[in-house]
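Undergrad: Below is a structure I'd like to ask you about.
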Amino acid sequence: MSRRTLDLDDTLYNYVLANSLREHPAQTALREATRQHPHGGMQISPEQGQFMALLVRLIGARNAIEVGVFTGYSALTVALALPEDGRLLACDISEEFTRVGRPYWEAAGVAHKIELRLAPALSTLDARLAAGEAARYDFAFIDADKTGYDDYYERCLQLLRPGGLIAIDNVLWGGSVAQSKTDTDTTALQALNRKLHGDERIDLSLLPIGDGLTLARKR
Ligand code: CA
């Protein structure tokens with residue numbers, strides 16, 4: 001009966017949402033606003049967001065990192081799950097995209113937890129390492145340019161404490177990682193997936209949720 005993960009048709013997917021989704025009104029509103037956006041497909045699904053929020057709470061995260069904010073739904077979701085004195089270092093290069101999310105962060109009362117850095121994420125993360133913040137963070141979500149993932153992963157691994165968790169989005173890339181595609185995004189994700197499989201620094205799970213979500217727990 002349960003040899004493998006179910007295929008979700010629309011009926012079953014809608015059942016999952018109807019019977020589990022708990023969104024703050026600001027999350028629902030931001031998701032709707034982003035749906036109209038030309039790049040709206042880049043937003044994570046709400047059930048994936050809720051799962052990540054649960055993970056943030058499970059590990060008692062206070063300091064979190066996000067690489068790739070887009071319009072801010074996942075930042076809002078993680079910030080809502082952080083304690084009142086929690087902080088999310090949100091890295092992105094687009095003022096245009098991240099500007100969409102700000103009013104919703106405000107409406108949800110979590111804007112003070114989100115420190116948005118508009119700069120190449122690698123520069124931001126390297127600056128934090130140089131400032132002595134290694135092992136100071138509990139949770140990281142990587143969801144940005146796929147060819148940069150390996151660098152983001154290595155920096156986040158240093159910034160996380162032992163027992164901290166990195167979540168990496170789009171690791172199945174619409175299924176293309178299992179096909180003989182040679183575009184740079186697919187090959188970057190294939191190489192990262194291969195590397196993490198054998199990476200002794202982490203405990204690992206690759207979940208077929210959304211577009212594929214890898215969880216890497218720092219040992
Ligand atoms: Ca994504």
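Each reported figure results from applying straightforward, stated rules to the coordinates on display, with no laboratory input. Here the structure is a predicted model, which is why all the values come from computation and not from measurement. When we count neighbours, we look across all protein chains shown, and the Cβ atoms used for this are built from the backbone with ideal geometry, even at glycine.
Undergrad: Which loop-located GluC sites (Glu not before Pro) does the range 2-110 contain, where loop means any DSSP state but H, G, I, E or B and the Cβ has at most 14 other Cβ atoms within 10 Å? Let's see the in-between values first.
TA: Values: sites: E23, E32, E47, E66, E84, E95, E96, E106; in loops: E23, E84.
Sparse-neighbourhood loop GluC sites (Glu not before Pro): E84.
Undergrad: What is the count of Lys pairs in the chain whose alpha carbons sit under 25 Å apart, if the two are 8 or more places apart or on different chains?
TA: For the chain, the number of qualifying lysine pairs is 6.
Undergrad: Remind me, relative contact order of the range 10-218 in percent, using alpha carbon pairs under 8 angstrom and six or more residues apart? Display every interim value, and only then the final one.
TA: Values: 350 pairs, mean separation 35.4, N = 209.
It rounds to 17 percent for the range 10-218.
Undergrad: Need one number: % antiparallel among DSSP beta bridges in the chain, to the nearest 5.
TA: Rounded to the nearest five, the antiparallel share is 35 percent.
Undergrad: Eigenvalues of the Cα gyration tensor times 5, then square-rooted: what semi-axes does that give for the range 10-218, in whole angstrom, largest first?
TA: 23, 22, 17
Undergrad: Put one equal scatterer on each alpha carbon of the range 121-208, apply the Debye formula with no solvent term, and list log10 I(q)/I(0) at q = 0.11, 0.13, 0.15, 0.18 1/Å to two decimals.
TA: -0.31, -0.43, -0.57, -0.79
Undergrad: Report, in debye and to the nearest 20, how large the dipole of the chain comes out about its Cα centre when Lys and Arg carry +1 and Asp and Glu carry -1 on their Cβ.
TA: 580 debye
Undergrad: Using alpha-carbon positions, what is the distance between the centroids of the range 1-71 and the range 174-213, in Å?
TA: So the two Cα centres are separated by 20 Å.
Undergrad: Taking a quarter of the surface of the convex hull around the Cα atoms of the range 1-94, what do you get in nm²?
TA: Mean shadow area of the hull around the Cα atoms is 7.8 nm².
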